[in-house]
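Accompanying notes for the structure given below.
Coordinate-derived values only; no laboratory data. This is a predicted model, so every value here is computed, not measured. Cβ sites come from the backbone with ideal geometry, for glycine too, and all protein chains shown count toward neighbours.
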Amino acid sequence: MSEIVFRADSITRSFGQRRVLNAATLWARRARIGALLGRNGSGKTTLMRIAAGLLRADQGVILFDGEALSRPRLHQLARLGLFLLPERGLLPREPTVGALLGIVAEAFGSQARLERVVERLRIGELLEQLPATLSGGEQRRVEVAVAMARAPRVLLADEPFMGIAPADAEIIAAALRRLAADGCAIVVSGHEVEQVLDIADEVIWITAGTTHSLGSADEARGHWQFQREYLGPLQRRPAGGPAA
C-alpha cells in the first residue's frame, strides 16, 4: 500500500448544537486517488475544508509527512504542497486563462509542465479568453489546469465532476489519473458515483459523521451496507469479489 502523505485524523466539528463530524479521518496516499463519498450533508466539504486549513476542527490533528501541524492554515499547507480545488469560485475574472496559468507556473517553478498541462486539459483554444466567458465545463478544466500547474504533492478536489458534460469529465478524469501517476496524492469527492469510482484506487465512505475505509472501488461496490445506504439499487454494479 502506498504511503500516506497527508492525514486529517480524528476530526470532530459541530455547528451550534449540530455535530457534523465525529472522529472522521481523511487521508491521501502518494500516487493514488482516494474517493470521499457520502450523502448530501454528510460532512464531505466540511472535512475537506478542515483538512485544507480553511476551518478549524473542534478536535483532531492534521499531519503532513507524518508531522503534526499546530493550528494549520491554508497558506501553511500550500507551502508544503497541498492544493484545494473548491467546488466553485477558484478562478478570478481577470486576467486571461493563458496569463493566469503563466503566473501560476512561474510562481511555482513549473513552466516546463505548462505545455503538458494545457495539452492534457485541452485548453489551448481557451488561453486568450477571460474565465468569466467560459462554459462550466471549460472553467472546471481550467481550474484543474491551475492545480496541475502548481505541481501539488497533495490535491483535495471537491466535486470536480459536478454539473459538467461527459466529455469534460472524461478529460478531467484522465488528467487526474496522470497527476496521480506523477506522484501526487489525490482525494476526490462527488455524487457522480461511477465517474468518481472509475478513477479511485481507494474509497472512503463518510456516514453518520465518521469515515470508513472500504478498500478498492470494486470492494466498495460489493460492500452491502454501502450499497444499501448510499449506492442504491440503480447504482449497483457487480463487484469483483464477495460482499463485505
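A few points about this structure:
- Most mobile listed residue (Gly163, Gly222, Gly60) in the chain, GNM with C-alpha springs under 10 Å: Gly163
- Max mean-square fluctuation residue, GNM over the chain, Cα-Cα springs under 10 Å, options Thr45, Thr211, Thr96: Thr96
- For peptides 83-91, 142-150, sequence by mean Cβ density within 10 Å, most packed first: 142-150, 83-91
- Among Arg221, Arg18, Arg30, the residue with the largest mean-square fluctuation in a Gaussian network model of the chain, with springs joining Cα atoms closer than 10 Å, is Arg18.
- Fraction of antiparallel bridges per DSSP, the chain only, in percent to nearest 5: 55
- Among [x] 29, 22, 17; [y] 23, 23, 19; [z] 26, 22, 20, the entry that matches semi-axes √(5λ) of the Cα gyration tensor in Å as calculated here: [x]
- On Cα atoms only, tilt of 166-181 relative to the major axis of the chain in degrees: 80
- Shape of the stretch 112-181, Cα gyration tensor, a/c cut at 1.5: oblate
- Gyration tensor verdict on the stretch 116-244 (Cα atoms; rounded if a/c is under 1.5, prolate if a/b is larger than b/c, oblate otherwise): prolate
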